[in-house]
Every structure is written in structure tokens, then in C-alpha cells.
Amino acid sequence: MLILQRKEGESLLIGDEIEVTVLAVEAGRARLAIQAPRSVTILRSELKVAAQTNREAADEEVSPLELLGVLRERKRDE
Amino acid sequence: MRLSTKYFGEIDCPEEEKLCFSEGLFGFEEEKEFFLLPFEGGEGSLLCFQSAATPQLAFVAMNPFSLMPDYAPVLTPGELKAMEVERSEELCFYALCVVRNPVGESTVNLRCPVAVNDRTGRAMQVILGEGGYHMHHLLSDFGRKEEATC
């Protein structure tokens, strides 16, 4: 993995067509500007994981009614 | 309206209880309308989001506050505006659940709750940036944590 340091206002190129510019770094957050062809999909990484988690949620392995047992157990513990 | 559901067969659902997800759910962007249906015996803590368009699509959901009483989801100003409220506290929140076999290995997604505006029927799934919540909290961990603090 390539690791680079960039200051505010500096940029980097990925291939010939994608340019990432650091606009600002404040309070632990980097604000980025990305110039890329329309055909390139740009997603926050967590969005992909969120979609995958939803797909898992849509495809349950046992009846959700079995969760009632887990919930009741918790209640008893309290 | 008459609705074919994944878990409850054919049921009647009042049209006005339909929830509108203008952006769908992550990975299910084309699914814009759901009904929130409770499982009998769940005392309001175990429900599902049933797609209005796709009978076989339903997401099991839990009341996150019953799992974690100090759960504090905070939406961004843009998300609050889309939900037509001023404060996150005006919304209801539900956490989607991945039901595993064995059931004790099931997980809940506290990082991406579904926020619902009860007043307008608007709903959206968000990704929380703050709070340190994860997408796969083991359901069986919640009981244990509480025991540890007792």
C-alpha cells in the first residue's frame, strides 16, 4: 500500500483521469475534492459495508421469532 | 391496503401507516415503501420493515434503546432537514438485525439505524459518524455487558 502525505491544497493523481485534492483538514477530518470521469463510482467505504450488512439482514438463517427467546432471557436477567 | 408479507402472510395495512424512504435502504435503493410491523410477543421491541413492493423482502428490526438504554444517535443537519425535524430526539429509531443460526450469534446494526418521523411517515437509514457504534453488535453481548456493570 502506498502512503502519502499531502497538505491542504495539494493533490494527487490516480491514473490519468482521477485527481484527489485535499481542500481542508480540520478536527480530524479531511475534506477532499475528487475529479473523476462520470463512469467511476465514488462511495464512502462504510456505505459498501452498510449495503452488505443490509443484504445479510434481508436473508435470515433462522426464524426471527427465535429472537424472542433471547430478548426474554435478557429481561429475566434484569 | 392488502399486503403480502414475508412473515405474516396476507394482511391488511392502513395506507397511512406506510413509511416513505425516499432514498431506499443501503443496497436496496429501489425499495422506497415499507410498513413497520411488530412481531407478536415482542412487546414492541421486535419488529420488521416489510417492503410494500416485494413480499419476500423484510428486515428484522429491534428497538435499539431496549438493547442499549444510553444509545444516542445524532443525525447531521442535512439528515435532520430531510427528515423534517430540528432535533434527532424527535425521531424514532430502529436497528436492523442479522438473524443468525444459532440465534445467539445474531447481530444488530447500531451504526446504521432507520430513523422514522412518526408524524409524516418519512423514514431514512443513516450511517452515524459519531458515538462509536458498529454495524455488527453481537446480540448476546448486550446481556453480558449489563451483568458486568451490575
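The values are calculated or read from the model by the stated rules, or taken from the named source; none is laboratory data. Predicted, not measured: the structure shown is a model, and the values here were computed from it. FYI the Cβ positions are ideal-geometry reconstructions off the backbone, even for glycines, and counts take in every protein chain you see. Remember, those area values only see protein heavy atoms, side chains included, never the ligands or the DNA or RNA. Shrake-Rupley method; radii C 1.70, N 1.55, O 1.52, S 1.80 Å.
Partner shielding of A:43-54 amounts to 5, given as the average count of beta-carbon atoms from other chains within 10 Å of each residue beta-carbon. Across the range A:10-52, Cα-Cα pairs farther apart than 13 Å form 64% of the total. Shown here is the pair-distance distribution of chain B: with all Cα-Cα distances grouped in 10 Å bins from zero up to the longest one, the shares run 11, 40, 36, 12, 1 percent.
Charges on Cβ only, +1 for Lys and Arg, -1 for Asp and Glu, centred on the Cα centroid of the protein assembly as shown; of A:S11, A:V40, A:G69, which one is farthest towards the dipole's positive end? Farthest towards the positive pole: A:S11.
Here the sum of -39500 (n - 2.57) over DSSP H runs of 4 or more residues, divided by the residues of chain B, equals -3500 deg cm²/dmol at 222 nm, to the nearest 500. Packing around the peptides B:70-81, A:22-33, taken as the average count of other Cβ atoms within 10 Å per residue, puts them in this order, highest first: B:70-81, A:22-33.
The alpha carbons of chain A occupy a box of 58, 32, 22 Å along the principal axes, longest dimension given first. One chain, two ends: B:D118 and B:E105. Fully extended at 0.36 nm per residue, the span grows by 1.6 nm beyond their Cα-Cα distance.
Placing +1 on the Cβ of every Lys and Arg and -1 on the Cβ of every Asp and Glu, with no other charges, gives chain B a dipole of roughly 300 debye about its Cα centre.
Under a model in which nothing but the beta-carbon of Lys, Arg (+1) and Asp, Glu (-1) is charged, chain A shows a dipole of about 260 debye around its Cα centre.
Each Cα pair of the protein assembly as shown feeds into the Kirkwood radius, which the Stokes-Einstein equation turns, at 20 °C and 1.002 mPa s, into a diffusion coefficient of 110 µm²/s.
For B:K18, the aspartates and glutamates whose Cα falls under 12 Å of its own Cα, not counting residues fewer than eight places away in the same chain, are B:E33, B:D118.
Projecting the Cα atoms of B:N101, B:V74, B:T120 onto the dipole axis of the range B:44-150, where Lys and Arg carry +1 and Asp and Glu carry -1 at the beta carbon, places B:N101 farthest toward the positive end.
Distant-in-sequence amide contacts of A:L32, defined by a placed amide H-H separation under 5 Å and a gap of 5 or more residues or a different chain, comprise A:L23. Magnitude of the charge dipole for the protein assembly as shown, about its Cα centre and with charges confined to Cβ atoms of Lys, Arg (+1) and Asp, Glu (-1), is about 420 debye. Interface area, chains B and A: about 2900 Å² of buried accessible surface, summed, with a 1.4 Å probe and ligands, DNA and RNA left out.
Inter-chain neighbour count for B:94-105: the average number of beta-carbon atoms from partner chains within 10 Å of each residue's beta-carbon is 5.
Annotation for the range B:92-112 versus the range A:1-69: alpha-carbon center distance of 23 Å. For the charge dipole of the protein assembly as shown, defined by +1 on Lys and Arg C-beta atoms and -1 on Asp and Glu C-beta atoms about the Cα centroid, which residue among A:A57, A:A30, B:S140 has the Cα displaced farthest towards the positive pole? Selected residue: A:A30.
Divided by 2.2 N^0.38 Å, where N counts the residues, the Cα radius of gyration of the range B:10-83 comes to 1.23. Could you tell me what percent of the accessible area of chain A is made up of carbon and sulfur, with a 1.4 Å probe and every protein chain present? Its accessible area is 50 percent carbon and sulfur atoms. Accessible surface computed residue by residue for the range B:1-135, with neighbouring protein chains in place and a 1.4 Å probe, gives 46 Å² per residue. For the segment B:4-10, counting C-beta atoms of other chains within 10 Å of every residue's C-beta and taking the mean gives 1. Here the Karplus curve 6.51 cos²θ - 1.76 cosθ + 1.60, taken at θ = phi - 60°, turns the phi angles of the range B:51-60 into couplings of 5, 6, 8, 10, x, 7, 10, 8, 10, 6 Hz, with x standing for Gly and Pro.
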